[in-house]
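All remarks here apply to the structure that follows.
The values are calculated or read from the model by the stated rules, or taken from the named source; none is laboratory data. Bear in mind the structure is a predicted one, so any value in this text is a computation, not a measurement. All Cβ positions, glycine included, derive from the backbone under ideal geometry; neighbour counts span all protein chains shown.
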Amino acid sequence: MILDCRALGGITINGEIEARGATLDDTTHLPVWPSKVNGSVCRNGGSVKIFFAGTSPSLSKIYAALSSPTDTERIFAFEVDANDAPDAPVLISPENHAPDVSYNALLSWSCSTETGNELEYKIYCNDFNPPTSMRKAHWNGESIYLSELIINAQPATTYYWKVTAKDVENGNETEGPVWDFTTMAESGTITVQTYGTDINGNPQPVSAGFVITGPSATEEATNASGLWSRSGVPLGEYTITYDPEAGYNTPLGETKTIENDGDSITFTATYQLNDLAPPLDFYSGPHVVDGNSVTFTWEATSDEMPGSGLSHYTVSIDGGSEINVGMNTSYAKNLPDGDHSVVIKAYDKVGRFTEDTPRNPAPVTVNALSPQVKITVSKNGKSSEYGEDRLDPPVAVSLGSMVDMTAVDGNGISNTDLTIYDAQGGQPMQSLLLDDTFRIGQLYTIVAKAWDSGGETTTRTIKVQVFAGEEVDVINGEPYGYPNPFDPVKGTTIKFYLSNDADIEIQVYNVAGHLVWRKECSAGADEGGKQDINEVFWDGIDLSGNRVAFGPYHYFILSDGKVIGKGSLAAYR
């Protein structure tokens with residue numbers, strides 16, 4: 001704190017400058033000063049330091065003391081040491097006038113000081129006001145346990161306490177206010193323990209309700225471990241009665257007394273199991289379900305005891321593990337096609353159960369999916385399966401191939417039908433073997449149909465185009481045309497890779513199955529017959545010398561009368 005006077009024309013206190021020549025108020029006080037040097041001054045680093053004794057000297061007195069310096073001691077500024085006292089302690093816990101404070105309660109407060117110096121505390125506590133017994137003289141913390149402050153605190157007693165804060169460096173002290181609290185009365189502990197018996201008579205914990213009457217009455221229940229406890233209850237006589245629990249016989253009540261402070265009493269009861277299991281009165285469930293979602297429902301009655309003895313239900317499907325569904329009386333699950341078994345069990349609170357199964361003449365049948373149908377075309381040990389419809393482009397098949405079908409369903413297949421129709425009149429062919437009654441290059445439609453036992457049907461359809469010979473592995477990879485789609489005026493190129501030199505024939509058909517263009521390439525020829533990449537150009541002119549119409553076309557690459565590759569083209573402008 002700097003006091004500037006005379007030469008500086010004013011006084012600066014805590015950074016605030018008083019007006020020049022202002023009169024200082026006698027009631028304005030500075031902090032307590034620890035000492036003085038007989039009114040003399042001492043020099044320190046170019047400034048003058050003066051010390052004052054006593055308590056709270058007023059600014060006007062300091063100003064007067066500085067107004068008559070000697071001629072030999074020109075004083076321009078005075079630096080005064082600030083020796084502030086701590087703030088008064090503030091209560092944290094327990095709150096003032098708190099009742100029922102335990103012997104292990106934590107007494108705590110807070111305190112601060114502008115100096116930032118270390119603080120220590122004196123703690124006073126008595127059962128009268130004001131407290132005069134200093135229990136702790138140099139306490140460094142801001143909290144202390146009651147049991148540490150008073151070794152033998154008495155029950156139901158009001159205690160008064162205060163804290164004095166001391167600045168360790170300058171010795172200044174500040175006394176706090178007086179607070180009070182009342183300790184709890186003499187008390188004890190009540191414990192309740194309840195047991196049950198399982199179906200074999202073995203004891204096991206059971207949760208049960210009860211009512212306690214006495215100096216401190218309550219209505220509670222033991223937990224899942226069969227335990228309940230409460231401390232701090234008043235001394236006196238207590239009586240317990242037990243609530244009925246379904247499936248058990250109710251234990252008799254009893255009376256016990258807490259005589260001295262800190263005593264405990266324990267009530268123990270055993271619920272004897274009755275011999276009744278929860279009957280599962282009714283069960284209903286669907287017999288045939290069209291969708292995959294199946295809902296099972298049931299009903300059950302409780303044990304013949306007050307309330308309900310039911311604990312939960314379980315559901316087991318197709319011999320699987322039991323699924324606990326709580327107290328729900330229905331259960332929904334997605335099941336695949338086919339027959340399914342289900343078992344419902346009703347459990348009581350001690351583990352006894354009754355089970356029931358569907359009372360329908362047959363298990364639950366799910367019929368949500370139609371049959372899975374595949375068409376198979378095979379020849380010489382090789383076969384191709386078609387599990388999806390295939391209409392465009394058609395499947396290239398060779399004479400001598402056999403057409404067959406497979407069908408599967410979770411509920412079984414009741415009937416199948418497989419028919420080949422010609423493209424002209426849609427008449428069914430008499431044979432499933434592609435013999436000489438089938439025309440080379442002609443389109444045919446194969447239709448396979450299957451019915452499951454639930455009446456669901458599936459129809460699979462593919463179109464085929466018949467060629468002489470059979471497919472061989474002369475070509476590597478899939479042939480392709482480019483550009484594709486193509487402009488018939490500009491033409492397109494069919495590109496493919498041969499694993500060896502071969503005589504090649506390329507045939508192009510329209511969607512009606514008519515041959516519109518063909519080209520033969522000799523083995524080893526640069527265009528179409530050499531081992532390596534081959535590119536064969538088609539100018540878009542048909543066998544009659546006309547430009548082909550817009551639309552889809554199918555090409556086949558043959559070698560020695562056998563189809564070795566195929567693809568599709570589209571003409572447009």
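Consider only pairs whose beta carbons are under 8 Å apart and that are at least six residues apart or on different chains; among these, list those whose first residue lies in the stretch 289-318 and is aromatic (Phe, Trp, Tyr) and whose second residue is at pLDDT 75 or above and outside any strand (DSSP E or B).
Every condition considered, the pairs that remain are Trp298/Thr329; Tyr313/Val325; Tyr313/Gly326; Tyr313/Met327; Tyr313/Asn328; Tyr313/Thr329.
How many of the residues in the stretch 532-551 are surrounded by 15 or more Cβ atoms within 10 Å (Cβ to Cβ) and outside any loop (DSSP other than H, G, I, E, B)?
Residues in the stretch 532-551 being surrounded by 15 or more Cβ atoms within 10 Å (Cβ to Cβ) and outside any loop (DSSP other than H, G, I, E, B): 3 in total.
Which residue, of Val563, Val536, is over 25 Å from Asp436 (Cβ atoms), of a type in the set (Val, Ile, Thr) and outside the structural domain of Asp436 (by TED's automatic domain parsing)?
Val536
Looking only at residues in the stretch 479-493 that are out of contact with any Lys or Arg (no Cβ under 9 Å at 6 or more places or on another chain) and part of a strand (DSSP E or B), which one is farthest from Trp538 (Cα to Cα)?
Step by step, filter the stretch 479-493, then rank; the result is Phe486.
Given Leu515, Leu498, which one is at pLDDT 90 or above and under 25 Å from Leu399 (Cα atoms)?
From the options Leu515, Leu498, the qualifying one is Leu515.
Looking only at strands (runs of 3 or more DSSP E) that fall completely inside the stretch 347-458, which ones have 3 or more residues that are modelled with pLDDT of 80 or more and touching a Pro at 6+ places or on another chain (Cβ under 7 Å)?
Fully inside the stretch 347-458 and qualifying: 413-422, 443-452.
State whether one or more residues within the stretch 515-531 are closer than 16 Å to Tyr553 by Cα, outside any strand (DSSP E or B) and not assigned by TED's automatic domain parsing to the domain that holds Gln442.
Looking for residues that are closer than 16 Å to Tyr553 by Cα, outside any strand (DSSP E or B) and not assigned by TED's automatic domain parsing to the domain that holds Gln442, one finds none in the stretch 515-531, hence no.
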